[in-house]
Amino acid sequence: MRRLALVLMVSLLVGSAACVKKQPAATPTPQPPPAPTTTPRPTPSTVTSNVPPPPPVIPPDPSISVTSDPLMAADIEKINKQSPFKPVLFAYDSDALDDVARSTMSANAEIMKKYGTWVITLEGHCDERGTAEYNLALGDRRALAVKNYMVSLGIAADRLKTVSYGSEFPFAPGHDEEAWKQNRRAHFMLTAK
Amino acid sequence: MHRSILAAVGVACGTGLVLAQAPPPPQQTPQRPTELSITLDNPGSHPKIGFQAIEVSDSRADVRAAAETILDVLIADLEFEREFYTIGRKASAGIPAASTPQSLPFSRWTELGAQFVFMGSLREISGKITVDVRLIKVQGGDAGRQDFGQSYGGCTLDNPRYCAHAIADDIHKQKRNLDGVARTRLAFTSDRDAEASTSRQMPDAGPGKEIYLMDYDGAGQRRLTFNRNLNIGANWGPGGRMLAYASFLANGPADILLTLLDGRPATRPARGPDWAANHLPAISPDGTKIAFMSSQGGQTGYYDVWVVNRDGTNMRNLTPNTPRSSEGAPTWSPNGQSIAFTSDRTGTNHVFIMNADGTGVRRITFAEKCDRPTWSALNFIAYTLERPGGKDIAVTELGRMEARVLTDGLGSNEQPAVAPNGRHVAFVTTRFGKRQIAMVDYPDGKFYRQLTTAGNNSYPSWSPLAK
């Protein structure tokens, strides 16, 4: 399972480099709106230079095979653009964690265990219903619910920071349930590694 | 003071018919007659004013343009408060201009219904302009008598609008005993310049939102902050001389920034633990304290209303006894002795009032869900009413504890900000498409005006009167 996830991650990164993988609409990870100025497409020379991996300068960790892991070498912004973490989704006006949420967090916890130095900011987000003021607190409760569960899975609390963006930064721009369900989320943002 | 404002509201005209110059509401909606709107229907008591062009001896185009701007803006300012009937300049275009009150063609003006005629003259000396204005009576035996006269120095060619606003405020004060709001401003949040802010460290979140300022009539919109993150919940201090707002730090929760709008760095008077968020500041009417919504009480996701001195001392939780509910969105009573706020302690959001020390909590809203109260100088509290069908601005009059809906249900309407004279409510609406700042008059819910057009806009705050 873990190996499969890693293969998926690698293929995602490579796929994005070649710009061939277009996610179907049914993917559980919503596509972020494209940034208007920055195109994450690396130059061909970058791609070829990736084929023979550069000598690892990271201090070797006996439990991790460093040389074959592009996530280890990628910068934070790049990892967040093709995040290995899946968001935890919530029901309307709720911070309760359902079975899907728990299994998502288990997978995310595995990644955090694998990359033991990573620090994550858990962003709580809400859909546009409810008042903007109420959503500031609701987003906080969502982020904290995820943090508490992640800690129960063995992730150190000081590797999990929380912030609520309320309904200020919707991921999906629409005004229907399809958009709302993506916007009711706790988002895993890598902030240090 | 309150009584005089109330009296002025009591006679404000209720018929859109006579106010031909006022911008029509974008959507005609049936008005439910209320006690107030019926008593408003008293057109006889409103002075009718005609306007002569402002006389300019100079032939320079920019000076003449400034004179035109001043008159146009003045007329718009007077129409905004609905205390005068303005006679359209087109209707009076054929009346010959007079250079002295006695030479005004009285009968021509009275044919149009005018009781007063505005006369003005403007002179310019190296960019500075002086405007002399008069209101002259044109009806009755004392026609030609000056009813209002004032000279305005210190205006500039760069900002003729401000000159007009000063004239309008004086005319409202002297002729109608009304505190006009022509020199007030609004602060708000907008994402309109987000494309210039794409360096935000969060690639798949939305763009940055900054604080903007504008004149009360939507003119002069300009950005105040530029930190490429999220800045919301601006609130003015007394006299419009300070502004507080919540600003998100990089990858962290928001803290309250307080600026004196003088170019010096903002301070962080409510700063707490790094994990805690501070939001929705409300500066006390005397400017000494800031009430705000904070999670400093514990990492539970439940917020409280806190208060802190402007210099950061004496920070304390005013609602510590409700650990499993959120209290927030504070707003001060005009005398600074009470605070209204939102709490979901009953299961859904409602508006409560407490003494400024946290004692004496009582609930004042009961219908559906209510949030973001704004306490007006006219002894009412406006708030967002959230119903299954959408959000509207509602008002509870504190004397009679009577609640009613102010906006008309078109689009989503929320986050009210009340003008310092209590006669207008700015709010966020989707009725024009994106989220825009609009205004509607209180108490009759008439005269919708759109103030913003660019980007999405939210969190309006209306400045107090300049003192």
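The values are calculated or read from the model by the stated rules, or taken from the named source; none is laboratory data. Fair warning: this is a prediction, and the values are worked out from it, not measured in the lab. Neighbour counts are summed over all protein chains in view; Cβ atoms, including those assigned to glycine, are modelled from backbone coordinates with ideal geometry.
Before we move on, is A:ALA96 in a loop (DSSP other than H, G, I, E, B) and of a type in the set (Gly, Ala, Ser)? Yes: the conditions hold for A:ALA96. At pLDDT 95 or above, within 16 Å of the chain's Cα centre (by Cα), aliphatic (A, V, I, L, M) and surrounded by fewer than 24 Cβ atoms within 10 Å (Cβ to Cβ) - does that describe any residue in the stretch B:397-410? Yes; the residues of the stretch B:397-410 include at least one that is at pLDDT 95 or above, within 16 Å of the chain's Cα centre (by Cα), aliphatic (A, V, I, L, M) and surrounded by fewer than 24 Cβ atoms within 10 Å (Cβ to Cβ). Looking at the structure I just gave you, is B:ARG345 surrounded by 17 or more Cβ atoms within 10 Å (Cβ to Cβ), touching a residue at least 12 places away in the same chain (Cβ under 8 Å) and more than 14 Å from chain A (Cβ to nearest Cβ)? No, not satisfied.
Remark: pairs (first residue in the stretch B:395-416, over 29 Å from B:PHE432 (Cα atoms); second residue polar (S, T, N, Q); Cβ separation under 8 Å; 6+ apart in sequence or on different chains) = B:LEU398/B:ASN379; B:GLY399/B:ASN379; B:GLU402/B:THR396. Against the condition facing another protein chain (nearest Cβ under 9 Å) and modelled with pLDDT under 95, how does A:THR131 come out, does it pass? Here the answer is no, as A:THR131 does not meet what is asked.
If you check A:GLU168, A:GLU123 for being in a loop (DSSP other than H, G, I, E, B), within 8 Å of another protein chain (Cβ to nearest Cβ), among the acidic types (Asp, Glu) and on the phi < 0 side of the Ramachandran plot, only one passes: A:GLU168. Scanning the stretch A:60-96 for residues that are modelled with pLDDT of 90 or more and more than 14 Å from chain B (Cβ to nearest Cβ) gives A:VAL88, A:LEU89, A:ALA91. Filtered by the rule that a residue be more than 18 Å from B:GLU68 (Cβ to Cβ) and in contact (Cβ under 8 Å) with a residue 12 or more places away in the chain, the stretch B:100-127 gives B:PRO101, B:GLN102, B:LEU104, B:PHE106, B:ARG108, B:TRP109, B:THR110, B:LEU112, B:GLY113, B:ALA114, B:GLN115, B:PHE116. Please go through the stretch B:424-454 and give me each residue that is surrounded by fewer than 20 Cβ atoms within 10 Å (Cβ to Cβ) and closer than 17 Å to A:GLU128 by Cβ, ordered by number. Passing the criteria: B:THR430, B:ARG431, B:PHE432, B:GLY433, B:LYS434. From the list A:ALA137, A:ALA157, A:ALA186, A:ALA192, the one residue that fits, being small (Gly, Ala, Ser), surrounded by 23 or more Cβ atoms within 10 Å (Cβ to Cβ), on the phi < 0 side of the Ramachandran plot and within 10 Å of another protein chain (Cβ to nearest Cβ), is A:ALA137.
Checked against (1) of a type outside the set (Ser, Thr, Tyr); (2) over 26 Å from B:ARG176 (Cα atoms); (3) buried (at least 24 other Cβ atoms within 10 Å of the Cβ), B:ALA419 passes all but condition (2).
The helices (runs of 4 or more DSSP H) found wholly in the stretch B:22-135 and carrying at least 2 residues that are within 27 Å of B:ARG183 (Cβ to Cβ) and at pLDDT 95 or above occupy B:61-81. Scanning the stretch B:129-188 for residues that are crowded, with 23+ Cβ neighbours inside 10 Å, aliphatic (A, V, I, L, M) and farther than 29 Å from B:PRO105 by Cα gives B:VAL181, B:ALA182, B:LEU186, B:ALA187.
Residue selection: B:LYS90 satisfies the criterion of being surrounded by fewer than 11 Cβ atoms within 10 Å (Cβ to Cβ) and basic (Lys, Arg).
Checking B:GLY336, B:GLY360 one by one, the residue that is farther than 30 Å from B:ASP441 by Cα and more than 10 Å from chain A (Cβ to nearest Cβ) is B:GLY360 and no other.
Note on the stretch B:170-196: residues that are in contact with a Gly (Cβ under 9 Å, 6 or more places away or on another chain) and without any contact (Cβ under 8 Å) to a residue 60 or more places away in the chain amount to 3.
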